[in-house]
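First up is the structure itself, then whatever we jot down about it.
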Amino acid sequence: MQDMNKRVSALGELLIKKNLIDDKTFSDYEKIVTEDWVPNNGARLIARAWVDPQFKEFLLADGKAAASSFGFGMPEHHGSLVVKENTEQIHNVICCTLCSCTAFTIIGMAPGWYKDLDYRSRLVREARTVLGEMGLVLSDQLKIRVWDTTADTRYMIMPLRPAYTEGWSEEDLIKIITKESLIGVARLEEPYTTYDSHNLMSRG
Ligand code: FE
């Protein structure tokens, strides 16, 4: 990772030196990807949908407009934000078979593994196996639907609200919704068993 940071800094310095970007673009970009385009945005939309049926309907019908109502913008070429709802019977998961497209302003930048050829090529053929390898073992009864992102259509998964969160405040709900659950490589029903359970662990 340190090596990667060095390479990013070196590339940034070179672009600035060659006048391809200015100093500010580089520093602002870092701020944007670490503070503005964060999975907390998607988590806020999902938590609201969990507590407000009318908003849920809005989010499922027009994700981009619903995100906009929270002040979350999307680039113009992201034509739509399609939200797929997980149920007791269906599990949804996203990938980009061509490269690494996500609704990054809403769910954060694509994780490294999302860009891997392994994930992109195998998920569409053997989703159950790939998810199992990532720590999400799904029962054979649960149907899996894989959504392949395009330049124009971006996806976000709406995780099933865990039963143990009954009566929780919206603020507390936001904290358990991970980036992995918004991509669909984790479910939230059982605490401590998701692919990345840091958020749950830290609740104590
Ligand atoms: Fe892509």
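For the chain, modelled as a Gaussian network with Cα springs under 10 Å, which listed residue fluctuates most, E13, E189, E133?
E13
Around G108, which amide H atoms from residues at least 5 apart in sequence, or from another chain, sit under 5 Å from its own amide H, with H modelled in the peptide plane?
V38
Note the full-extension length gain between T153 and C99 as 0.36 nm times their separation in residues minus their Cα-Cα distance, in nm to one decimal.
Extra length available between T153 and C99 comes to 18.1 nm.
Tell me, for the chain, which Cys residues have no other cysteine's C-beta sitting closer than 4.7 Å.
C95, C99
Zone of D52 (label point 7 Å along Cα→Cβ, backbone N under 13 Å): which residues in the range 132-168?
The answer is none.
Roughly what would the spin-label model give for Y29 and S9, points 7 Å off Cα along C-beta, in nm?
About 1.7 nm separates the two model spin labels.
5 Å is the cut-off here: which amide hydrogens, built 1.01 Å from N in the peptide plane, fall below it relative to H91, excluding neighbours closer than 5 in sequence?
Here K143, I144, R145 satisfy the definition.
Go ahead and set up a Gaussian network model of the chain, Cα springs under 10 Å, then flag whichever of F72, F26, F104 fluctuates most.
F26
Quick one: net charge around L138, please, counting Lys, Arg +1 and Asp, Glu -1 for every other residue with C-beta under 13 Å from its C-beta.
The answer is -2.
Only bridges with both residues in the chain count here: give the DSSP antiparallel percent, nearest 5.
Antiparallel bridges: around 0 percent, rounded to the nearest 5.
Share of Cα-Cα pairs in the range 1-65 beyond 20 Å, in percent? List each step's numbers first, then the result.
Details: 1077 of 2080 pairs.
Result: 52 percent of Cα pairs exceed 20 Å.
Run lengths n ≥ 4 of DSSP H only: what is the helix-derived mean residue ellipticity at 222 nm for the chain, with -39500 (n - 2.57) per run over all residues, to the nearest 500?
Mean residue ellipticity at 222 nm (helix-derived): -12000 deg cm²/dmol.
How big is the Cα convex hull of the range 91-157 in projection, averaged over all directions, in nm²? Each step should come with its number before you reach the end.
On the way: hull surface 17.4 nm².
Value for the range 91-157: 4.3 nm².
Normalising by the residue count of the chain, find the relative contact order in percent from Cα pairs under 8 Å and 6+ residues apart.
Reported relative contact order: 23 percent.
Computed over the Cα atoms, what is the radius of gyration of the range 55-204 divided by 2.2 N^0.38 Å, N being its residue count?
Rounded to two decimals, the normalised Rg is 1.01.
Round to a whole angstrom and tell me the spacing of the C-alpha centers of the range 68-116 and the range 119-133.
Centre-to-centre (Cα) distance: 17 Å.
Taking R0 as 25 Å, what's the FRET efficiency between D116 and Q89 from their Cβ-Cβ distance, rounded to 0.05?
E between D116 and Q89, to the nearest 0.05, is 0.30.
Might you report the magnitude of the Cβ-based charge dipole of the range 42-85 about its Cα centre, with Lys and Arg at +1 and Asp and Glu at -1, to the nearest 20 debye?
Computed about the Cα centre, the dipole is about 120 debye.
Could you provide, to the nearest whole Å², the per residue accessible area of the range 29-188 with probe 1.4 Å?
47
Only sites in a loop by DSSP and with at most 11 other Cβ atoms within 10 Å count here; which chymotrypsin sites (Phe, Trp or Tyr not before Pro) in the range 145-194 make the cut? Present the calculation step by step, with values, prior to reporting the outcome.
Working: sites: W147, Y155, Y164, W168, Y192; in loops: W168, Y192.
The qualifying sites are Y192.
May I ask you to derive the FRET efficiency for L138 and Y164 from their Cβ-Cβ distance with R0 = 25 Å, giving the value to the nearest 0.05?
0.85
May I ask you to list the GluC sites (Glu not before Pro) in the range 60-128 that are in a DSSP loop and have at most 10 other Cβ atoms within 10 Å of their Cβ?
Answer by residue number: E76, E88.
Take the chain, connect every pair of alpha-carbon atoms lying under 10 Å apart with a spring to form a Gaussian network, then pick out the residue of L123, L142, L60 with the largest mean-square fluctuation.
Taking springs between Cα atoms under 10 Å, the residue moving most is L142.
Quick check: pseudo-label points 7 Å beyond the Cα along Cα→Cβ at N19 and R145, how many nm apart are they?
5.2
The values are calculated or read from the model by the stated rules, or taken from the named source; none is laboratory data. As the structure is a computational prediction, the values presented were derived from the model and not from experiment. So basically every Cβ, Gly included, is an ideal-geometry build from the backbone, and we count neighbours across all protein chains shown. Heavy atoms of the whole protein, side chains included, go into the accessibility calculation; ligands, DNA and RNA do not. Shrake-Rupley method; radii C 1.70, N 1.55, O 1.52, S 1.80 Å.
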